[in-house]
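> Structure provided below as structure tokens; questions to follow.
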Amino acid sequence: MIVVDDVGYNLERAERLLNLPGKLTLGLLPFAPHSPAIAKRAKLEGKEIILHQPMESIAARQVHAEPGTLTMKMSAAHFNQRFSEALAAVPFAVGVNNHSGSLLTQHRLPMDRLMQTIAARGMFFLDSRTTPNTVALATAHAWQVSAIKRDVFLDHVQTSDAMQYEFQRALTIARRKGHAVLIAHPHRKSLEFLEQKIPALPPDIVLTSLSELLVSRFNPADQSPDPSVGQSLDQTTLGQHENPVFPHRSLGQ
């Protein structure tokens with residue numbers, strides 16, 4: 001299945017996403033100017049909506065944080081208030097995933113705070129895995145939150161060859177595991193790529209929503225870290241797959 005994150009700043013690109021055939025999940029940034037309008041339109045078009053919640057990254061002091069970012073230094077009350085405000089800012093959201101968060105998702109206390117609210121609202125969580133040291137998935141399971149992890153980032157490198165490689169890797173994972181979660185972003189080249197690939201998916205590949213995937217296919221015991229072709233990876237290679245270092249803000253670690 002395909003998730004497109006960082007949606008909310010550009011209406012024209014959102015329109016292109018909504019025109020894509022099949023089931024698609026849109027990760028809306030909570031305080032981007034067009035997120036409420038896009039959420040309402042996406043609901044009408046049958047696209048799934050999740051809150052793309054900004055979280056503190058390791059590089060947070062070097063880049064401008066997205067509005068609504070959850071940080072390590074927040075009190076419990078401030079953290080919960082900010083998260084509740086973010087949830088209210090994205091109408092029709094049925095789940096949550098992290099924008100950035102390579103620092104916050106490594107720590108159990110803030111993840112406990114997050115999952116407590118998600119559990120109370122009956123939502124699910126997608127771990128974007130901006131770091132191989134994330135504890136988000138384990139914490140979600142501890143709170144009995146339906147959760148799954150990202151398998152592939154489509155567009156760390158925005159070239160046709162690089163995206164084709166990652167897309168093919170997602171197909172390989174889907175055929176091996178029975179599902180794959182691919183995250184893309186609304187870059188122009190990414191949109192062009194998806195507009196070509198989605199209508200021409202192989203016959204054995206079916207797009208589904210995250211919520212349907214969690215209900216029908218997700219096995220909580222299946223947490224294999226192998227992101228590609230079924231071969232065991234050393235820790236250096238695994239780290240490169242899970243947390244590649246590229247300068248795009250939309251992929252802020």
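> Taking a spot 7 Å from the Cα of ALA77 along the direction of its beta carbon, which residues of the stretch 106-122 have an amide N less than 19 Å from it?
110, 113-114, 117
> Need one number: nm distance between label points at SER84 and ALA59, each 7 Å from Cα along Cα→Cβ, rounded to one decimal.
Result: 3.4 nm between the two label points.
> Mind listing which chymotrypsin sites (Phe, Trp or Tyr not before Pro) in the stretch 151-207 are in a DSSP loop and have 13 or fewer other Cβ atoms within 10 Å?
none
> Using a Förster radius of 22 Å, what is the FRET efficiency between GLN164 and VAL206 based on their Cβ-Cβ separation? Nearest 0.05, please.
0.60
> Along the stretch 161-166, what does the Karplus equation 6.51 cos²θ - 1.76 cosθ + 1.60 (θ = phi - 60°) give for ³J(HN,Hα), rounded to whole Hz, x for Gly and Pro?
5, 5, 5, 4, 4, 5
Bear in mind these aren't lab numbers, they're just calculated from the coordinates by the rules spelled out. Computed from a prediction, not measured in an experiment: that's the story for all the values here. Reconstructed Cβ throughout: ideal geometry from the backbone, glycine too, with neighbour counts over all protein chains shown.
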